[in-house]
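The values are calculated or read from the model by the stated rules, or taken from the named source; none is laboratory data. This one's a predicted model, so the numbers in the text were calculated from it and none came from an experiment. Positions of Cβ are generated from backbone atoms using ideal geometry, with glycine treated the same way; all protein chains shown enter the neighbour counts.
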Amino acid sequence: MPPRKRVYSGIQPTAVMTVGNYFGAVQNWVRLQDECDCVYCVVDLHALTAPYDAAELRRASREMFVSLLAAGIDPDRTTVYIQSTVPEQTELCWLLANLTSLGDLSRMTQFKEKSGLLGGGSGEDGAFIPAGLLFYPVLQAADILAYRADRVPVGQDQSQHLELSRRIARRFNSRFGYLFPEPETLHATVTKVLSPADPTRKMSKSLGPRHYIGLFEEEDSVRRKIRSAVTDSGVAPRTGDTGEGRASPGIENLLTLLAACGHADDARRMRDDYFAGTLRYVDLKGLTADALAVLTAAMRERRADILGREKDLDGRIMAMGEQARAMAGETLARAREKMGTFRPAT
Ligand code: TRP
């Protein structure tokens, strides 16, 4: 049997994992554990590039770690860790920085957007653009390459960063001899979930509480958010008005959520009713809220289970970090050797 492919991905630490994070990424991470050797990271060092509060960040990182376990990432099969517990990666980042061109970094769309938001594009006095923002993709490459990953499941918005990771790997391999597989982007078919309050935008925590549903959210507030979800004025757009047989964004989003919760048949039937002009929106909202209530209750239970079992959460986080360090350390040792630096005394 050929060795299993190594999968690597990272997620930003936020105190709340939303159903959007879950259906859009994490559920796929959970599935990949069956076929691949997976490594998943809570990228707290990447989070330093945006304004943040120190205590809040540490709390969010812990929360995201627990959320991943509760969502089904299995620490017996998978390495799941918080980025800052693995200093080997940060050193690799420095080594790789010297195989990365400044031109490439400054051309990254995400860098241009984020530095633009900070006032970088406008030339305003006093705009502070941390160099960490420019370096962000080098650290991301170090994440991936430290584990010599073959595949990286990420959204379209990360394609450019992945392309750069491959370029860095290639440059290293040709200059110092083969060490890194070129990581492929894995664009899985995931479910994009939109904001219930504004279904033209992605479900997101940063838009405010009405715009997301937490994976561990209490039933009452899940139901309230679905009840007040934006739909349309009740006139079913004909096929062609909004594209190939698509309902309005609000209705599509509810149908998507219903299907994602394991009720694809109900969703199909309700879509047919919609185009037949017989769908009652209260019924769609009712079923969707029920399905989400079941999902979030199960998730809350697993989360409580983990927190009950894990008396020493930070100890667990450190232990998972050790496991990741062993893997990253091996790669780093080879990279140091090839690049001509020393290894520190232990
Ligand atoms: N930049 C990624 C994002 O914003 C997160 C990330 C950091 C990542 N390191 C990674 C994703 C390594 C995949 C692999 O979504």
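Meeting the requirement of 3 or more residues that are more than 16 Å from the ligand (Cβ to nearest atom) and buried (at least 17 other Cβ atoms within 10 Å of the Cβ), the helices (runs of 4 or more DSSP H) wholly within the stretch 119-229 are 219-227.
Scan the stretch 318-340 and give yes if some residue there is out of contact with any Cys (no Cβ under 8 Å at 6 or more places or on another chain), part of a loop (DSSP other than H, G, I, E, B) and surrounded by fewer than 19 Cβ atoms within 10 Å (Cβ to Cβ), otherwise no. Looking for residues that are out of contact with any Cys (no Cβ under 8 Å at 6 or more places or on another chain), part of a loop (DSSP other than H, G, I, E, B) and surrounded by fewer than 19 Cβ atoms within 10 Å (Cβ to Cβ), one finds at least one in the stretch 318-340, hence yes. Note on the stretch 1-111: enclosed helices (runs of 4 or more DSSP H) holding 2 or more residues that are within 12 Å of the ligand (Cβ to nearest atom) are 44-47, 87-97.
Kindly establish whether P153 is modelled with pLDDT of 95 or more and in contact with a strand residue (DSSP E or B) (Cβ under 9 Å, 6 or more places away or on another chain). Yes: the conditions hold for P153. In the stretch 37-75, the residue that is nearest to P2 (Cα to Cα) out of those that are in contact with a Ser or Thr (Cβ under 7 Å, 6 or more places away or on another chain) and touching a residue at least 60 places away in the same chain (Cβ under 8 Å) is V39.
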